[in-house]
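Worksheet: one structure, shown below.
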Amino acid sequence: MLRLVLVGCLMGVLCCSTMACRRSDAPVVSPEVIEKLTADMLVKLKDPDPRARILAARFLGGQGEKAKEAIPQLQELTKDKNPEVRAVAKVALERLEGAGKSK
């Protein structure tokens, strides 16, 4: 559970799409940490706890091209029994698929 909370805190730094919400003194996260978190979040997409699946989908949706391998799993989550998981998965897919089209 502590790990889930820590990842949630990191998401505030990593997933913000507007510069206005990023603080200039916010910590810079290394690419290696992002890569590790991305791998961890891919696993969390299959977690039995819906809160973990939601957190993972939100994180991955904010990673753009770096998380395109999550698309098949996110597509599966759009059929999840939890409505919030389904909604977050749909938003994450839109963001990931949009990231691929912007290049």
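Rounded, prolate or oblate, given the Cα gyration tensor of the stretch 30-103, with a/c below 1.5 counting as rounded? Oblate. In summary, the aspartates and glutamates within cross-link reach of Lys90, defined as a Cα separation below 17 angstrom excluding same-chain residues under 8 places away, comprise Glu65, Glu69, Glu76, Asp80.
Of the peptides 81-87, 28-34, the order by per-residue mean of other Cβ atoms within 10 Å, starting with the highest, comes out as 81-87, 28-34.
Only the coordinates and a few stated rules stand behind these numbers; no lab work does. Given the structure is predicted, the values throughout are model-derived calculations rather than measurements. When we count neighbours, we look across all protein chains shown, and the Cβ atoms used for this are built from the backbone with ideal geometry, even at glycine.
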